[in-house]
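Heads up: the structure comes next, in structure tokens.
The values are calculated or read from the model by the stated rules, or taken from the named source; none is laboratory data. Computed from a predicted structure; not experimentally measured. Cβ placement follows ideal geometry from the backbone for every residue including glycine, while neighbour counts extend to all protein chains displayed.
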Amino acid sequence: MKAVHYLPFFASLTSAIWPLPTSYDHGDTVLWMSDDVAFNWAGTAASASNVGSRFLVLQEYLFSSFDESSNRKPKREGTEWQGVSGDDIIRFAIEQTKSTILKRNFVPWKFHPRGWSEPIAEGATYVSSITLELLGEDPPSIAKPLAGSVDESYSLTLTTTGEATILANTSLGLRHGLNTFTQLFYKHSSDGAYTALAPVQIFDAPKFEHRGINMDVARQWYPAKDIARMIDTAAYNKMNRFHLHVTDSQSWPLEIPSLPELAAKGAYRPELYYSTKEFEYLQKRAALQGVELITEIDMPGHTSIIHEAYPDLIAAYNIQPNWDTYSAEPPSGTLKLNSSDVDTFLSKLFDDLLPRIFPFSTYFHTGGDEVNKNAYELDDTVKSKDPEVLQPLMQAFIDRNHDQVRSQGLTPIVWEEMLLDWNLTLGKDTVVQSWRSDEAVASIVSKGYKALVGNYKYWYLDCGKGQWLDFSPERAAAAWPFQDYCAPFHNWRLVYSYDPLAGVPSEYHHLVIGGEAHLWSEQTDPINLDRMIWPRASAAAEVLWSGVKDAQGQNRSQFDASPRLSEMRERMVARGVGAEPVQMPYCTMDGEQCQLGLLA
Ligand SMILES: *[C@@H]1O[C@H](CO)[C@@H](O)[C@H](O)[C@H]1NC(C)=O
Ligand SMILES: *[C@@H]1O[C@H](CO)[C@@H](O)[C@H](O)[C@H]1NC(C)=O
Ligand SMILES: *[C@@H]1O[C@H](CO)[C@@H](O)[C@H](O)[C@H]1NC(C)=O
Ligand SMILES: *[C@@H]1O[C@H](CO)[C@@H](O)[C@H](O)[C@H]1NC(C)=O
């Protein structure tokens, strides 16, 4: 058996597995897979005998197709579902394992030299059994854990005689093990699927607890099925959080039954909103794949859209043409900061929304980025931009909101400005999401708060597309060549070079619970969505799962990562995801031709 990093490249580039496991040894024996392979799964201790049939109802609901004419999930009765169990997660993962290996796989010709011939099926050995064993009991909130409360580790062995065994302390660990197992197999061009890597011995565990993508679904409209595809793909990259930035100044696409005007007037078109059923569907689909969907209602800034339904709640609404004095993007506008009507509105909004989040998530994100103080000069409840006047009002605003979040059993997340610019006192349970700098992360953790990283210079996937603002003829020359604020485009190598712990003293490392890659949607919609996220977010997924450095403490080598990422790209494409190519086949076929910088 050889350790993967010593495997000579000329043997084969197909060594599989993204993100890279903690330890991974494999051989070169071929084993085949058939659809009657036995999965030995006894069920979790907690699973009742009727769970199987309940699961079938759920699975049918999740995989019933979307209505192509409306892009909506058909309405279904009898699929009410309070939460997701560990047993549901594993049964779902078993189904996905079979379909991934046998139906959504690829022929790996791009990873072998010209003239390569595939293994021959005749007289072949088949994988005979896949045994799943839970070593402990799942914590009660297995499908919506607080970061750090679930052991996600697993071990995987595959013998040359075809017995596979996956062991884990929790259902989520077993799920990750099955996910890894699928990546050992390739499609054969005539029929079937095989691995050429037996025997396999893997132990694996993630470096960070929170591994996510943040997707802005407010600035452009995305049908639920596009979000579902991104959630599925995040899960396949072993990410476990999907942050839905669901409202912003430009649209409110979320149905709130007790405040129906919000979506009726705030969606781009009356029908372009997520119904409560669809919102439940997305949360459920995520939970079933070990992904916690985290909903963000950004406030008090980024809320001008509320003006459409409730004009009295918003200050400095749509100031033109100098909107940039009052906000980061048009239309300007912010929730008033000293208004009992705003409190009443938020109380009603949270009362409606949070109980529908509670079955599927432990978190609720109350936003708080890019609040422009100038807007409060035009706020009739404040009439001031003096930080000394505003700060206590902002503190009261956050206190009210977070008290209600906690009273619904959820943990608040905020953007870094609430702590670092507004100097607010936050509950110690609060997770603070950073985006501006490594120094900001260091500052958050030095104050004792848990931090999420995602420095925009590395992990903003929208950067480098150029401006979306139109410049007047007088200003066009000065704005040439029309780059955006975070140009250039963040290629996968840049994403991959980001160290979440850069600049964080080691005594605070435990407070950096993970991070997210961000897709802001000013210039992305369903047409270019897939290629804007994949495979670059896969690079972030590996940093968060495997760490930015290897076991020797060195930066991970692009020589190793690049062919594996190319392979992961093929796997995503085989799953119907429009991920961009990483390299020419020429580079991956021979392995070393496209390397640069080795000493001669
Ligand atoms: C399970 O938990 C034990 C005890 O904490 C630990 O040693 C082991 O690495 C964990 N994971 C697996 C896959 O056994
Ligand atoms: C906030 O509103 C209250 C009640 O309307 C008012 O008495 C108070 O002066 C306001 N605070 C500020 C800073 O304007
Ligand atoms: C927060 O503290 C910083 C540094 O002391 C100060 O510059 C800033 O004005 C304060 N912000 C507010 C809103 O009080
Ligand atoms: C590792 O990567 C970081 C970030 O890109 C870089 O600053 C550092 O110089 C690299 N270390 C080595 C030894 O190349």
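Things to note:
- Positions within region 199-220 being surrounded by fewer than 24 Cβ atoms within 10 Å (Cβ to Cβ) and more than 20 Å from Ala517 (Cα to Cα), in sequence order: Pro199, Gln201, Ile202, Phe203, Ala205
- Residue list for region 505-521, filter: more than 19 Å from the chain's Cα centre (by Cα) and assigned to a loop (DSSP other than H, G, I, E, B): Pro505
- Gly301 within 28 Å of the chain's Cα centre (by Cα) and either within 16 Å of ligand 4 (Cβ to nearest atom) or under 30 Å from Glu152 (Cβ atoms) (or both): no
- Filter pass, Asp324 being part of a helix (DSSP H, G or I), closer than 25 Å to Met215 by Cα, assigned by TED's automatic domain parsing to the domain that holds Lys277 and more than 16 Å from ligand 3 (Cβ to nearest atom): yes
- For region 340-356, filtered to residues that are more than 28 Å from the chain's Cα centre (by Cα) and surrounded by 19 or more Cβ atoms within 10 Å (Cβ to Cβ), the residue that is nearest to ligand 4 (Cβ to nearest atom) is Val342.
- Of all residues in region 420-439 being hydrophobic (A, V, I, L, M, F, W, C) and under 24 Å from the mean Cα position of the chain (by Cα), the one that is nearest to Leu519 (Cα to Cα): Trp435
- Test: residue in region 392-408 that is away from ligand 1 (no atom under 16 Å from the Cβ) and not in a helix (DSSP H, G or I): yes
- Filter result for Gly514 (modelled with pLDDT of 95 or more, touching a His at 6+ places or on another chain (Cβ under 7 Å) and at positive phi): yes
- Total residues in region 572-590, condition of a type outside the set (A, V, I, L, M) and under 17 Å from Trp492 (Cα atoms): 6
- Region 486-504: number of residues that are more than 18 Å from the chain's Cα centre (by Cα), aliphatic (A, V, I, L, M) and within 13 Å of ligand 4 (Cβ to nearest atom): 3
- Residues that are of a type in the set (S, T, N, Q) and within 16 Å of ligand 1 (Cβ to nearest atom), drawn from region 530-558: none
- Ala517 fulfils the conditions (1) crowded, with 16+ Cβ neighbours inside 10 Å; (2) away from ligand 3 (no atom under 16 Å from the Cβ); (3) farther than 22 Å from Ile213 by Cβ except for a single criterion, (3).
- Any hit, region 491-502, residues being among the aromatic types (Phe, Trp, Tyr), away from ligand 2 (no atom under 16 Å from the Cβ), at pLDDT 95 or above and touching an Asp or Glu at 6+ places or on another chain (Cβ under 8 Å): yes
- So Ala502, is it crowded, with 22+ Cβ neighbours inside 10 Å and touching a residue at least 24 places away in the same chain (Cβ under 8 Å): no
- Selection within region 438-474 - of a type in the set (Gly, Ala, Ser) and surrounded by fewer than 17 Cβ atoms within 10 Å (Cβ to Cβ): Ser446, Gly448, Gly464, Gly466, Ser472
- Count of region 203-245 residues which are part of a strand (DSSP E or B) and under 14 Å from the mean Cα position of the chain (by Cα): 12
- Within region 378-429, considering residues that are among the charged types (D, E, K, R) and within 16 Å of ligand 2 (Cβ to nearest atom), the one surrounded by the most Cβ atoms within 10 Å (Cβ to Cβ): Asp379
- Qualifying residue in region 178-191 (condition: touching a Leu at 6+ places or on another chain (Cβ under 7 Å), surrounded by fewer than 19 Cβ atoms within 10 Å (Cβ to Cβ), farther than 28 Å from Gly515 by Cα and not hydroxyl-bearing (Ser, Thr, Tyr)): no
- Conditions (1) assigned to a helix (DSSP H, G or I); (2) within 15 Å of ligand 3 (Cβ to nearest atom); (3) surrounded by fewer than 19 Cβ atoms within 10 Å (Cβ to Cβ): number failed by Ala375: (3)
- Condition check for Pro331: of a type outside the set (Phe, Trp, Tyr) and either in contact with a Ser or Thr (Cβ under 7 Å, 6 or more places away or on another chain) or not in a helix (DSSP H, G or I) (or both): yes
Residue-wise test of (1) out of contact with any Lys or Arg (no Cβ under 8 Å at 6 or more places or on another chain); (2) among the small types (Gly, Ala, Ser); (3) within 21 Å of Asn105 (Cβ to Cβ).
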site	(1), (2), (3)
Phe203	yes, no, no
Asn214	yes, no, no
Ala218	yes, yes, no
Arg229	yes, no, yes
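- Which listed residue is away from ligand 3 (no atom under 16 Å from the Cβ), surrounded by 14 or more Cβ atoms within 10 Å (Cβ to Cβ), charged (D, E, K, R) and not assigned by TED's automatic domain parsing to the domain that holds Lys225, from Asp590, Asp530: Asp590
- Of all residues in region 536-584 being charged (D, E, K, R) and more than 22 Å from Gly514 (Cα to Cα), the one that is farthest from the chain's Cα centre (by Cα): Asp560
- Any hit, region 125-145, residues being of a type in the set (Asp, Glu) and either touching a Pro at 6+ places or on another chain (Cβ under 7 Å) or farther than 23 Å from Tyr24 by Cβ (or both): yes
- Filtering region 458-485 to residues that are under 26 Å from the mean Cα position of the chain (by Cα) and either farther than 27 Å from Glu329 by Cα or free of Cβ contacts under 8 Å to residues at least 60 places away in the same chain (or both) leaves Tyr458, Cys463, Gly464, Lys465, Gly466, Gln467, Trp468, Asp484, Tyr485.
- Of the residues making up region 13-34, those that are crowded, with 20+ Cβ neighbours inside 10 Å, at pLDDT 95 or above and within 21 Å of Ser562 (Cβ to Cβ) number 7.
Let's see how each residue does on (1) part of a loop (DSSP other than H, G, I, E, B); (2) farther than 29 Å from Pro563 by Cα:
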residue	(1), (2)
Glu122	yes, yes
Thr131	no, yes
Pro140	yes, yes
Ser149	yes, yes
Glu152	yes, no
Leu156	no, no
Gly173	no, no
Thr195	no, no
